Amino acid sequence: MTGSLLIIAAFMIIPLLVGVLSARQSQETSEDFFVQGRAMGSIAVFFTVAATWWSAFAFLGSNATFYTNGPVFLTALAWNLLFGFMYYWIGKRVWFLGKRFNYLTPSDLIGDFYNSEALRITVAAITLIFTVPYLQIQLTGGAYLIEVASGGLIPFWLAALLFYFIIIIYVWIGGIRAIAWTDVIYGALLFFGMMYAGYYISTQVGGPSALFSQLQQTSPEHLTMPGPNGTMGYPMWFSLFAITAIGAFMGPQIWLRMYSVKHGKLFNLMPFLLGLAAFAYVGSVLSGYSGVLLEPNVENPDQILPIMLMEYAPYLLASLIMAAGASAAMSTANSQIHAVSTVVTMDIYKRYVNRDASQARIVYIGRLSLVGFSLVAYIMALTVPGVLVTIGIAALAGTAQLVIPTLGAITWKKAHPTAALVGLWAGVGCVLLMTFGPLSAPLGFHAGIWGLLLNIALFVGLSHALHRRDTAVVERFTQARYDYDAEYHPERLPSYTQEPKPSYAQETKPSIADR
């Protein structure tokens, strides 16, 4: 027991030390605190993106889903590839525009392109409303693991409180730089923990081959869709594939990681690296399926992995692997708390409360927002029940709706602000009504899919029907997209038989923080 408590203590102390060290390189500016001065290097980029993307949803929720619903979560192998492709194709363009026009939040890019305050406020509201429940998942998952690893000496409420107390301190001190540095450590620990936990637990039933052989005999419905409950067929497979990747990618924490990158070339390897990392889910397959044989009657499926570790693994090894799981939760939670504080500070306080705020004041308000939103998530974790994957998918379905106006902003000059606004309202409304209201999602697809389809139809239809009059804004973005292609994809440009369009590379435009 003493060894487990020491492991937990180390898990808590390491990010504090990293926060102190990173603070020595920090500057008291909003750009440094929120996006590390747009100078994040390759190793930090990969680990902070991967660790932020992989959360308690992945470490605990994946095992629970294999345990209760069969193979549907194997779509995770595909959604990692989709996420990696989006980070390369969309993220690189978002980064370019962010660097060109000094953006810090999703609302900056979308609000600027569509030249609409209503849309800017809507985007900020969506990022806040749907990020907080996903933040709750991280707190709940991390607290579960600490509670079990301590043998119950640290109760759930105290584990959750400690979890967020640590995050607040090191993010307060070091901003996104502290987050990125800790993510390098926690990312490596996470991937090791998922893989080794699955392999070790499967040895309790004779190894992976014996596991599947026994499962075929005793519970074959766990090996085929629609799973033992009959609800997780191919429509849900596709829904998880699309909603999870798109919703996580559109979260404000990933936007900050797009804006923070130092060089555009760093985006190129992300599809391969994230796809390769997805093989860690093999560990979740083995853990979840082993639980079907070893612990068939667990009341809370989210606890199946820690229960099996404490029951079948040496105590210190179990505690170390659970610390890896807690790192998955912390590496996402720290990013989400930091991201929502960025949205509150820049999209609300700086724009509508105090336009003339000093850089020091902006950073201070960002730090206060860390405390406020972490408190909301803590209260929700104690009072709002729910399975981690269920809460996570509902939250991701909301943020996924942002991909439609984002694609319009980076690719299509006909995209209209009214179309973007109506599409977002309709898509989010559809998600809420089908998830929490009287409507049910038809044909087995998740509400988020129907929300996206409605969003796309309204966005495309209204953009063709309406005409933009703010031609200066449209042309500014058209020129930026041309410059992006000229730098990174010249093969897409027409033949240079005419003089190239004049470059706006030297154009000076006030930063979002100064407007």
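The values are calculated or read from the model by the stated rules, or taken from the named source; none is laboratory data. Just so it is clear, the structure is predicted and the values come from calculations on it, not from any experiment. With ideal geometry, Cβ positions are generated from the backbone for all residues, glycine too; neighbour counts draw on all protein chains shown.
Miscellaneous remarks
- Among residues of the range 64-91 that are within 10 Å of V285 (Cα to Cα) and hydroxyl-bearing (S, T, Y), those with a beta-carbon under 8 Å from a residue that is outside any helix (DSSP H, G or I) and at pLDDT below 90 at least six positions away or on a different chain give the pairs Y67/V298.
- Residue pairs whose Cβ atoms lie under 8 Å apart, sitting 6 or more positions apart in sequence or on different chains, and linking a residue in the range 337-361 that is of a type in the set (S, T, Y) to a partner that is at pLDDT 90 or above and not in a helix (DSSP H, G or I), are T342/L104; T342/T105.
- Boolean, H416 is buried (at least 21 other Cβ atoms within 10 Å of the Cβ) and over 28 Å from Y103 (Cα atoms): no
- Yes/no for F459 being at pLDDT below 95, under 26 Å from the mean Cα position of the chain (by Cα) and among the hydrophobic types (A, V, I, L, M, F, W, C): no
- Contact map, the range 462-489: first residue within 18 Å of V422 (Cβ to Cβ), second residue of a type in the set (S, T, Y) and outside any loop (DSSP other than H, G, I, E, B), Cβ cut-off under 7 Å, separation 6 or more or different chains; pairs are L462/T418; L466/T418.
- Test result for A409, farther than 13 Å from V460 by Cα and surrounded by 21 or more Cβ atoms within 10 Å (Cβ to Cβ): no
Conditions (1) within 27 Å of P296 (Cα to Cα); (2) in contact (Cβ under 8 Å) with a residue 40 or more places away in the chain; (3) aliphatic (A, V, I, L, M), marked per residue:
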position: L128; (1), (2), (3): no, yes, yes
position: L145; (1), (2), (3): yes, yes, yes
position: L153; (1), (2), (3): yes, yes, yes
position: Y170; (1), (2), (3): no, yes, no
position: S202; (1), (2), (3): yes, yes, no
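- Within the range 332-351, considering residues that are of a type in the set (A, V, I, L, M) and touching a helix residue (DSSP H, G or I) at 6+ places or on another chain (Cβ under 6 Å), the one surrounded by the fewest Cβ atoms within 10 Å (Cβ to Cβ): V344
- Looking across the range 216-267, the residues that are under 12 Å from G448 (Cβ atoms) and hydroxyl-bearing (S, T, Y) come down to S239, T244.
- Any hit, the range 308-321, residues being of a type in the set (F, W, Y) and either at pLDDT below 85 or not in a helix (DSSP H, G or I) (or both): yes
- Among the conditions (1) more than 19 Å from the chain's Cα centre (by Cα); (2) of a type outside the set (K, R); (3) crowded, with 24+ Cβ neighbours inside 10 Å, L317 misses just one, which is (3).
- Residue, nearest to G98 (Cα to Cα), within the range 399-411, restricted to residues that are among the small types (G, A, S) and in contact with a Leu (Cβ under 8 Å, 6 or more places away or on another chain): A409
- Complete set of residues in the range 196-222 that are part of a helix (DSSP H, G or I), in contact with a helix residue (DSSP H, G or I) (Cβ under 6 Å, 6 or more places away or on another chain) and within 30 Å of L443 (Cα to Cα): L215, H222
- Summed over the range 194-207, the residues that are crowded, with 24+ Cβ neighbours inside 10 Å and either of a type outside the set (G, A, S) or under 29 Å from V35 (Cβ atoms) (or both) give a count of 2.
- Segments classed as helices (runs of 4 or more DSSP H), wholly inside the range 1-89, with at least 2 members that are among the β-branched types (V, I, T) and either modelled with pLDDT under 75 or crowded, with 19+ Cβ neighbours inside 10 Å (or both): 2-23, 42-53, 62-69
- Residue within the range 139-149 that is farther than 29 Å from P405 by Cα and surrounded by fewer than 24 Cβ atoms within 10 Å (Cβ to Cβ) present: yes
- Matching residues, the range 90-122, being surrounded by fewer than 19 Cβ atoms within 10 Å (Cβ to Cβ) and in a helix (DSSP H, G or I): K99, R100, E117, A118, I121
- Residue that is nearest to F85 (Cα to Cα) [pool: residues in the range 240-280 that are among the polar types (S, T, N, Q) and crowded, with 24+ Cβ neighbours inside 10 Å]: T244
- Which numbered condition A441 misses (of (1) at pLDDT below 95; (2) buried (at least 20 other Cβ atoms within 10 Å of the Cβ); (3) under 23 Å from the mean Cα position of the chain (by Cα)): (3)
- Flag if T435 is under 22 Å from A124 (Cα atoms), at pLDDT 95 or above and in a helix (DSSP H, G or I): no
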